[in-house]
Amino acid sequence: MKVRRRLAVKIGSIPWMPRFLPQIVVSDNAIQAVTGQRLSLLDIADLPNITIKVPGRKSGVVRTTQLLAVPDGPDWLIAGSYFGSPKMPAWVYNVRAADEIEIVVHGETTAATATELTAGERTAAWQTLRAVWPNFDLYERRTDRTIPVFRLRPR
């Protein structure tokens, strides 16, 4: 594992880190704005990531969210962990309600279908996710909710 990724995993495991999620998001948005959307905290940490564009389930306004995402063949796996918070990330509800989403990978936008994984599919995908970000296991222990896992399949 690369040095910056090891450091990110260590920082991500700090118990009080979830309290600073709003500040982390603000910092990440500032980095993205300054670099013209070419760099994010996930990039700096050598972590694979994508941006999803999903219409809000109530407003219909397209919401953009950058997420740690693990490639799985031509597909991408994402998890609604939110650092193990008891609260579900808003993007999860929007993805569940959307027929189609857009994903941005290395600056290229593609339509994709999102499928929430259950049972054995989720278990296998979870192992793929945790191989890249071991803290998913920690986040699972922090919360009583089942962390949703989605497969994003480009069209």
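Every number in this text was worked out from the coordinates using simple rules, so none of it is lab data. Please read these numbers as outputs of a predicted model, since none were measured by experiment. Methodologically, a virtual Cβ is constructed for each residue, glycine included, from the backbone with ideal geometry; neighbour enumeration extends over all protein chains shown.
Numbers for the structure displayed
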{"item": "Over 16 Å [Cα-Cα, segment 70-155], rounded percent", "result": "54 percent"}
{"item": "Neighbourhood net charge (12 Å Cβ-Cβ; Lys/Arg +1, Asp/Glu -1) for ILE11", "result": "+4"}
{"item": "Theoretical gain in end-to-end length, VAL34 to VAL3 [0.36 nm per residue, Cα-Cα removed]", "result": "8.7 nm"}
{"item": "Net length gained if the chain between PHE20 and ILE44 were fully extended (0.36 nm per residue, minus Cα distance)", "result": "6.8 nm"}
{"item": "Stretch gain in nm, segment THR113-ARG155, where the contour uses 0.36 nm per residue and the Cα spacing is subtracted", "result": "14.4 nm"}
{"item": "Shape category assigned to segment 43-111 from the gyration tensor of Cα positions, a/c cut at 1.5", "result": "oblate"}
{"item": "Relative contact order for segment 1-152, counting Cα pairs under 8 Å that sit 6 or more residues apart, in percent", "result": "24 percent"}
{"item": "Dipole magnitude of segment 46-148, debye to nearest 20 (Cβ charges: Lys/Arg +1, Asp/Glu -1, about Cα centre)", "result": "540 debye"}
{"item": "Positive-end extreme of charge dipole, segment 60-155 - chosen from THR146, TRP91, LEU77 (charges on Cβ)", "result": "THR146"}
{"item": "Lys, Arg +1 and Asp, Glu -1 on Cβ, resulting dipole of segment 1-56 about Cα centre, debye, nearest 20", "result": "180 debye"}
